[in-house]
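First up is the structure itself, then whatever we jot down about it.
The values are calculated or read from the model by the stated rules, or taken from the named source; none is laboratory data. Worth saying up front: this structure is predicted, and the values here are computed from it rather than measured. Glycine also receives a Cβ, built like all others from the backbone with ideal geometry; neighbour counts cover every protein chain displayed.
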Amino acid sequence: MPDTAAPARAKPRLRPGDRVFSGSALAAGTLILAILAGVAAFLIIESVPVVTTDPKDINILDGQPFWSYVAPLVFGTLWSSAIALLMAVPVSIGIALFISHYAPRRLAQGLGYIIDLLAAVPSVVFGLWGGNVLAPAIQPLYSWLTEHLGWIPLFAGPASGTGRTILTASIVLAVMVLPIITALCREVFLQTPVLHEEAALALGATRWEMIRTAVLPFGRPGIISASMLGLGRALGETMAVAMVLSSSGGITLALLTSSNPGTIAANIALRFAEAFGTNINLLIATGLILFAITLVVNMIARWIIGRRREFSGAN
Amino acid sequence: MAASTSAASGTNIYAAGLLGKRTPWFVLAGCLAASFVLFWLLQAGTPGATLNVAGAIIVGAIFYPLAIYTISLLVEGARKAKDRLVTALVYGAFLLALAPLITLLSTVVANGLARFDLEFFTYSMRSIVGAGGGFVHAMVGTLLMTLTATVISVPIGLMTSVYLVEYGRGPLARAITFFVDVMTGIPSIVAGLFAYSIFALLFGPGTKLGIAGAISLTVLMIPVVVRSSEDMLKLVPNELREASYALGVPKWLTILKVVLPTSIAGIMTGVILAIARIIGETAPLLVAAGFTNNLNYDMLNGRMQSLPVAVYYQYVSPGVDVQAYLDRAWAGALTLILIVMLLNIIARLIARYFAPKSGR
Amino acid sequence: MRLSSTGRRPWRLSGIAAIAVAGSLLLASCAANEPAPGGESPSGLSGTLVGGGASSQDAAQQAWVAAFQTANTGATVEYEPTGSGAGRDNFIAGANNFTGSDRAFKDDELAKDNFTACVAGTPIVEIPNYISPIAIIFKLDGITSLNLDAATIAGIFKGDITKWNDQKIASQNAGVTLPDLAITAVHRSDESGTTENFTDYLHANTPVWDADASGNWPYEGGEAANGTSGVVDAVSNGTGTIGYADASRAGGLGTVAVKVGGDYVEYSAAAAAAIVDESPAAPGRNAVDLAIELDRTSDAAGVYPIVLVSYLIACSDYQDDAIVPLVKAYLGYIISDEGQAVGVKAAGIAPISATLFDKAKAAVDSIR
């Protein structure tokens, strides 16, 4: 890959055309910062009335303070996304390895495209599928789990009669972020220096040992950044969760019951249609919190990648 | 790396202590057979119960890695056994991902074909009750809003990536790179709320317009365009730039006439994939553009329907003849998936046929 | 790479854009059911009437709009299901010419007299045009009907009664074999008029239900699903499930006969319309304001108390006289026999009674 720092060294003479062009390029870059600042600013402006209004006048809150309304939603958002990621990341790495190192060369690209197809499915369709196909199909398993493993807090009963639990929602989320994580991991794995791989094999390593010693260490920052991207998508996913999840409860670790915490994004979609007056401001304020959460997740991701890159011997 | 599988099989003396090439298949068949027998025995007691084929396959698939690991451990030793286990798991991961894909697509196709007819593509939902009608208004809305979003975000995104690759140094460039990453993570509903807030502040609460929908899509599209174009511009070899400078071509002309044309295929691929990414967005359009049953060409006036919102709306708010509404919803979903698949194929074709044939 | 060949590349982009524009024009030209621009209807009505509000009325409103526009091709009516609250706000702000609302304006709201589109000091027209029974639906193998009283229903939906063979259910259903199965009570996860009317019924009839009527489900726990469709899907896909939904969607599911006085009453259009006639008018209203106070505790025979009543709200005297013919024509159509029949067919509403029709007709005729 060519070194990107090079164009600066070759310094051509500055002409008016150059000024205009570099100026507009700079303007475009700055505009992005402005848009992002605008997103934050407009959300903050629209959220202010929530702080200044008496909670009793916002009928969604029904008298309870703002934070006790938001807390279960924040928990539900993080919890469902974390479970989804826990399922999606190992499978994604597996698929990416399958495509990059296991599948026959000729088929690999086509198989990759098949997985990409999952990314083409709109979230509404995932919602329909999750609620009407997956949930009823998986419900017997939930009943079985609560009966036999109910002593584990995660599987505490009573099992939902419809299967529309937070675990189902997480499975749907996992399927939705799967193609994103897979695509990025695949790209990274394919970039593993061939010399490293061949060196490992020449030393008598099995294929798994080669992957463990050459491919995975090289791909680790890529895996992390892919996972974080997937996490960001899962945190913000709206319609699929709104259509699948039975969100009626407070903070709970139980995965298989009817009472699950909602998620911020789904809650906005569910309430926005009927909201009016300060209720809209309330929903926008929860949106602001979601924005802040994704911001923090992204910052952590970048920090991890930046730190890892220094230690990774692969570069 | 292709040499990783052992070439030896049969009665080769060096292959002593190795499993034969076909052994894993036999093990797999054995596992499935055992699983089916198990399920059959379990259900033989309950009269009238049908054999749970899916369950049997799943249990068989769980048996297989354990079986192959144990067998390999006994015959080939721990290292090989671990390798076989991982191989089984990696193949399993791929097959696992196929399961939702197949059930999803078959559900959509099976339900969507019922109304995938001419009327669906020639009628809007204006004055339609019950059966009949189509999604022209939604297709027009999707087209207009996506097109507007593309027209706004491609120049901004492209120029930003030019800035990052060709000009940007120092803290500002670092800040832009960082915030573009942040922007990639903006939840789509937040983008919708942002667009809604702008127009609520300007024109009073409850304002829902096509242009608001387009703006929310723009917020989602810009970072995708920046990232993909940035990668493509970075791939342009420096020799091309230097050759151009050496001929006395100004930098801006070099970028315009050498760098961008060289990477145009990749950039277009990126743009089309970005379109494919936003065309299925539901939540921001629900919030910012609202929904309507009428055909609306005016981005600046009145609500605008889009395909994903139309699908959602048909599902959520049907009349008495529910099946007619569901059929339309599934047909809309099928249309949407076909559009996105088509865009993906076009992107891949562009990438393949228009890729620069440079020295690398 | 030759520079000359690169100069043509950007043209391809504009080519794609041109194809896209041409495609959109093609789509535009063939929406067979859209009116030609500038068309004039035989009735002489033209222009656009903007309404919005209760999403509960949406299916019926779409049917009324469709039939009305077919008869008056020059007129366009927009009904935006923004929700009752937003609909009322928009009506006050003058953004809606009329609104659909799951409740009438309250006395203190009327006293403000701040309706932008109406002439100050004139009354507001409120017509209960949309009466729809809410069915309590359940799915139990082999059982199509159950008798329940308000306290039992409240107990089930609060989560106090957890098994189908609970003594409280069994005692009201002699002769029905109830399974030893957990109850999954499904309620709406979104805010809705259906929930508001359902909880209002429970609140009025039993102390077990200690929460006020609310469009948002007041208790934590229980199964929640998005929209009427979500509830119906959840109930039909599950086992031992129970929920509440617009009666037109009850389909093949089992339904609950509700205890009124000494009898158990199955939902029906007639029984739903009956409660509106049994209920007294809201006190102190103008003759054109037909707001009623629903008597959910009525024990008159043949009354089904779990109904959703939604209003049409309009000015009796518009600032803008140009809109008046359209308002009168559309509102007049909705309350007419023909309009109510369309509503029955499209949304399963209970048609308004003859007495109510006479009052409503007088109210619509008075609009100027």
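Within the stretch C:190-205, is there a residue that is at the interface with chain A (Cβ under 8 Å from one of its Cβ atoms) and on the phi > 0 side of the Ramachandran plot?
No, the stretch C:190-205 has no match at all.
Please pick out the residue among C:Thr70, C:Thr82 that is crowded, with 21+ Cβ neighbours inside 10 Å and either among the polar types (S, T, N, Q) or assigned to a helix (DSSP H, G or I) (or both).
Within the list C:Thr70, C:Thr82, the selection yields C:Thr82.
Only one residue in C:Ala269, C:Ala287, C:Ala281 is over 30 Å from A:Ser160 (Cα atoms), of a type in the set (A, V, I, L, M, F, W, C) and within 14 Å of another protein chain (Cβ to nearest Cβ). Which one?
Result: C:Ala269 is the single residue among C:Ala269, C:Ala287, C:Ala281 that is over 30 Å from A:Ser160 (Cα atoms), of a type in the set (A, V, I, L, M, F, W, C) and within 14 Å of another protein chain (Cβ to nearest Cβ).
Could you tell me whether the stretch A:169-176 includes any residue that is buried (at least 21 other Cβ atoms within 10 Å of the Cβ), part of a loop (DSSP other than H, G, I, E, B) and more than 14 Å from chain C (Cβ to nearest Cβ)?
No, every residue in the stretch A:169-176 fails to be buried (at least 21 other Cβ atoms within 10 Å of the Cβ), part of a loop (DSSP other than H, G, I, E, B) and more than 14 Å from chain C (Cβ to nearest Cβ).
Working only within the stretch B:136-163, note down all residues that are more than 25 Å from A:Ala34 (Cα to Cα) and polar (S, T, N, Q).
Hit for the stretch B:136-163 is B:Thr142, nothing else.
How many residues does the stretch B:230-276 hold that are aliphatic (A, V, I, L, M), part of a helix (DSSP H, G or I) and either in contact with a strand residue (DSSP E or B) (Cβ under 9 Å, 6 or more places away or on another chain) or at the interface with another protein chain (Cβ under 8 Å from one of its Cβ atoms) (or both)?
Summing the residues that are aliphatic (A, V, I, L, M), part of a helix (DSSP H, G or I) and either in contact with a strand residue (DSSP E or B) (Cβ under 9 Å, 6 or more places away or on another chain) or at the interface with another protein chain (Cβ under 8 Å from one of its Cβ atoms) (or both) in the stretch B:230-276 gives 9.
Which condition from (1) surrounded by fewer than 24 Cβ atoms within 10 Å (Cβ to Cβ); (2) over 30 Å from C:Ile349 (Cβ atoms) is the one that B:Leu336 breaks?
(1)
Across the stretch B:110-130, which residue is farthest from B:Thr292 (Cα to Cα) among those that are away from chain C (no Cβ under 12 Å) and of a type in the set (A, V, I, L, M, F, W, C)?
Across the stretch B:110-130, the extreme among qualifying residues is B:Ala110.
Can you tell me which residues in the stretch A:245-266 are touching a helix residue (DSSP H, G or I) at 6+ places or on another chain (Cβ under 8 Å) and either free of Cβ contacts under 8 Å to residues at least 40 places away in the same chain or more than 9 Å from chain C (Cβ to nearest Cβ) (or both)?
The answer is A:Ile251, A:Leu253, A:Ala254, A:Leu255, A:Leu256, A:Pro261, A:Thr263, A:Ile264, A:Ala265, A:Ala266.
Does A:Ala135 meet the test of being over 18 Å from the mean Cα position of the chain (by Cα) and in a helix (DSSP H, G or I)?
Yes, satisfied.
Give me the residue from the stretch A:270-289 that is touching a Leu at 6+ places or on another chain (Cβ under 7 Å) and modelled with pLDDT of 85 or more and, out of that set, farthest from C:Gly193 (Cα to Cα).
The extreme case among them is A:Leu288.
Just checking, which of B:Ala93, B:Ala34 is surrounded by 17 or more Cβ atoms within 10 Å (Cβ to Cβ) and either hydroxyl-bearing (Ser, Thr, Tyr) or modelled with pLDDT of 85 or more (or both)?
B:Ala93
This table checks each residue for (1) more than 8 Å from chain B (Cβ to nearest Cβ); (2) part of a helix (DSSP H, G or I); (3) modelled with pLDDT under 85; (4) within 24 Å of the chain's Cα centre (by Cα).
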| position | (1), (2), (3), (4) |
| --- | --- |
| A:Thr4 | no, no, yes, no |
| A:Pro7 | no, yes, yes, no |
| A:Arg13 | no, no, yes, no |
| A:Ser22 | no, yes, no, no |
| A:Ala34 | yes, yes, no, no |
| A:Ala71 | yes, yes, no, yes |
| A:Gly76 | yes, yes, no, yes |
| A:Pro90 | no, yes, no, yes |
| A:Leu97 | no, yes, no, yes |
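Spot the failing condition for C:Lys139; the list is (1) farther than 24 Å from C:Leu253 by Cα; (2) in a strand (DSSP E or B); (3) charged (D, E, K, R), and only one is missed.
The failed condition is (1).
What are the residue pairs meeting all of these: first residue in the stretch A:62-85, first residue more than 12 Å from A:Ser247 (Cβ to Cβ) and free of Cβ contacts under 8 Å to residues at least 12 places away in the same chain, second residue exposed (fewer than 14 other Cβ atoms within 10 Å of the Cβ) and charged (D, E, K, R), Cβ atoms under 9 Å, and 6 or more apart or on different chains?
Correct list of pairs: A:Asp62/A:Lys56; A:Asp62/C:Asp212; A:Gly63/A:Lys56.
Within the stretch B:304-331, track down each residue that is in a helix (DSSP H, G or I), small (Gly, Ala, Ser) and touching a Phe, Trp or Tyr at 6+ places or on another chain (Cβ under 8 Å).
Across the stretch B:304-331, the qualifying residues are B:Ala310, B:Ala329, B:Ala331.
Return yes or no: is B:Gly319 in contact with a strand residue (DSSP E or B) (Cβ under 8 Å, 6 or more places away or on another chain), modelled with pLDDT under 85 and surrounded by 20 or more Cβ atoms within 10 Å (Cβ to Cβ)?
Criteria not met by B:Gly319.
Does A:Leu118 satisfy being buried (at least 18 other Cβ atoms within 10 Å of the Cβ) and more than 24 Å from C:Asn237 (Cα to Cα)?
Against the criterion (buried (at least 18 other Cβ atoms within 10 Å of the Cβ) and more than 24 Å from C:Asn237 (Cα to Cα)), A:Leu118 qualifies.
Name the residue that is farthest from the other protein chains (Cβ to nearest Cβ), counting only residues in the stretch B:219-229 that are crowded, with 24+ Cβ neighbours inside 10 Å and not aliphatic (A, V, I, L, M).
Ranking the candidates gives B:Ser229 first.
With the condition being among the hydrophobic types (A, V, I, L, M, F, W, C) and crowded, with 24+ Cβ neighbours inside 10 Å, I'd like the strands (runs of 3 or more DSSP E) fully within the stretch C:164-265 carrying at least 1 qualifying residues.
So the answer is C:184-188, C:223-225, C:241-246, C:254-260.
Scan the stretch A:107-118 and tell me whether some residue there is facing another protein chain (nearest Cβ under 7 Å), charged (D, E, K, R) and more than 20 Å from A:Thr257 (Cβ to Cβ).
yes
Residues that are of a type in the set (S, T, N, Q): find the helices (runs of 4 or more DSSP H) completely inside the stretch B:23-135 holding 3 or more of those.
B:23-44, B:78-112
Can you find even one residue in the stretch B:282-303 that is part of a loop (DSSP other than H, G, I, E, B), at the interface with chain A (Cβ under 9 Å from one of its Cβ atoms) and buried (at least 19 other Cβ atoms within 10 Å of the Cβ)?
Yes.
Inspect all residues belonging to the stretch A:136-144 and state whether any of them is touching a residue at least 40 places away in the same chain (Cβ under 8 Å) and within 26 Å of C:Ser236 (Cα to Cα).
Within the stretch A:136-144, one or more residues are touching a residue at least 40 places away in the same chain (Cβ under 8 Å) and within 26 Å of C:Ser236 (Cα to Cα).
Under 8 Å between Cβ atoms, at least 6 apart or on separate chains: pull out the pairs that start in the stretch B:23-42 with a residue that is aromatic (Phe, Trp, Tyr) and end on any residue that is part of a helix (DSSP H, G or I).
Close Cβ pairs satisfying both conditions: B:Phe36/B:Ala56; B:Phe36/B:Gly60; B:Phe39/B:Gly55; B:Phe39/B:Ala56; B:Phe39/B:Val59.
Quick check on the stretch C:134-141. Is at least one of its residues surrounded by fewer than 19 Cβ atoms within 10 Å (Cβ to Cβ), closer than 24 Å to A:Ala159 by Cα and touching a residue at least 12 places away in the same chain (Cβ under 8 Å)?
yes
So, in the stretch C:229-248, how many residues would count as being without any contact (Cβ under 8 Å) to a residue 40 or more places away in the chain and under 20 Å from the mean Cα position of the chain (by Cα)?
Counting residues in the stretch C:229-248 that are without any contact (Cβ under 8 Å) to a residue 40 or more places away in the chain and under 20 Å from the mean Cα position of the chain (by Cα) gives 2.
Restricting to the stretch C:304-331, what's the tally of residues that are closer than 30 Å to C:Tyr244 by Cα and hydrophobic (A, V, I, L, M, F, W, C)?
7
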